[in-house]
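Data first, discussion second: the structure below is written as structure tokens.
Read the figures in this text as sums done on the coordinates, not as results from a lab. These figures come from a predicted structure and were not determined experimentally. Positions of Cβ are generated from backbone atoms using ideal geometry, with glycine treated the same way; all protein chains shown enter the neighbour counts.
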Amino acid sequence: MPHRPYVIDPMISAKTIAARIEDLAREIQVEYADCEKLVVVGLLRGSFVFIADLVRELDMNVEVDFLEASSYGDSTQSSREVRILKDLRGEISGRNVLVVEDIVDTGHTLKHVVALLKTRGPKKLETIALLDKPSRREVDIKATWTGFEIPDEFVVGYGIDFAQRNRNLPYIGKVRFTGE
């Protein structure tokens, strides 16, 4: 199915993202200083670039696992119905867990995932989001750590897609449909 033509206006540079991830990694290491191993759970697919860069900056033992949840499909709007498409492989009971999200928009996905994972008895569960759009929030949830707060714009790049396109951009860009 063809999509309306669009351009991408750069919003957050790769260099700015890298610097912020270094800062976030230092904060996480302080929070989990007494932790033998941190289970880092990436929410697929949008967080894969962020999680890769984040875990490389963490100077501690980490175990990486993934969970895939969807509320968008190929749309630019959340359906608000969160579906788990791929569950964790490992056990998190009694363990320290950090959930890594690409973007918190309406908040439905993160709230659903946190509630689900809490039923599995982690010792401690915190969250981190690369991007936060508080103006779009529909449920009461906020990530423990946030990379950048952004306005209500549809963004792509650095793992975030529009209909499976533009994930490979090294920066965050705003989608602007041509003719608008």
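For the range 13-154, with the dipole built from +1 on Lys and Arg beta-carbon atoms and -1 on Asp and Glu ones, taken about the Cα centre, which of 69, 130, 47 lies farthest toward the positive end?
Comparing the listed Cα positions along the dipole, 69 ranks first.
Return the calculated 222 nm mean residue ellipticity for the chain, to the nearest 500 deg cm²/dmol, obtained by summing -39500 (n - 2.57) across DSSP H runs with n ≥ 4 and dividing by the residue count.
Numbers: 3 runs with 39 residues, N = 180.
Counting only the DSSP helices, I get -7000 deg cm²/dmol.
Give me a comma-separated list of calculated 3J(HN,Hα) values for the range 5-14, in order, Karplus coefficients 6.51, -1.76, 1.60 applied at θ = phi - 60°, integers in Hz, x for any Gly or Pro.
Going residue by residue, I get x, 8, 10, 10, 9, x, 10, 10, 6, 4 Hz, with x marking Gly and Pro.
Which of 37/123; 111/133; 111/142; 86/111; 15/133; 86/118 have a Cα-Cα distance over 19 Å?
On the way: 37/123 12 Å; 111/133 15 Å; 111/142 9 Å; 86/111 17 Å; 15/133 21 Å; 86/118 17 Å.
Cα-Cα > 19 Å for 15/133; rest within.
Where the only charges are on Cβ atoms (+1 Lys, Arg; -1 Asp, Glu), what is the dipole of the range 86-180 about its Cα centre, to the nearest 20 debye? Can you show the working numbers first?
Details: 16 positive and 14 negative charges, 83 e Å.
Roughly 400 debye for the range 86-180.
Assign unit charges at the C-beta atoms only (+1 for Lys and Arg, -1 for Asp and Glu), then state the dipole size of the range 35-153 relative to its Cα centre in Debye, rounded to the nearest 20. Provide the component values of the computation, followed by the final result.
Values: 17 positive and 21 negative charges, 99 e Å.
Computed about the Cα centre, the dipole is about 480 debye.
Are there any chymotrypsin sites (Phe, Trp or Tyr not before Pro) in the range 103-157 that are in a DSSP loop and have at most 14 other Cβ atoms within 10 Å? List them by number. Before the final figure, lay out each step's value.
Numbers: sites: 145, 148, 154; in loops: 154.
Nothing satisfies the criteria.
Using the 10 angstrom Cβ neighbour count as an exposure proxy, how do 127, 16, 106 rank, fewest first? Numbers along the way, then the final one.
Details: 127 22, 16 14, 106 19.
Going from sparsest to densest Cβ surroundings: 16, 106, 127.
Sort 30, 100, 64 so the one with the fewest other Cβ atoms within 10 Å of its own Cβ comes first.
Numbers: 30 8, 100 25, 64 15.
Going from least to most buried by this count: 30, 64, 100.
So which GluC sites (Glu not before Pro) in the range 71-178 pass both tests, a DSSP loop state and at most 12 other Cβ atoms within 10 Å of the Cβ? Could the numbers behind the result be given before it?
Details: sites: 81, 91, 101, 126, 138, 149, 153; in loops: 81, 91, 138, 153.
Taking the range 71-178 and a limit of 12 other Cβ atoms within 10 Å, the loop GluC sites (Glu not before Pro) found are 81, 91, 138.
Taking the Cα atoms of the range 1-143 alone, what are Rg (to one decimal) and Dmax (as a whole number) in Å?
15.7, 51
Taking θ = phi - 60°, what integer Hz values does the Karplus form 6.51 cos²θ - 1.76 cosθ + 1.60 yield along the range 25-42, in sequence order, with x for Gly and Pro?
4, 4, 5, 5, 4, 5, 4, 10, 4, 8, 8, 5, 8, 9, 8, 9, 9, x
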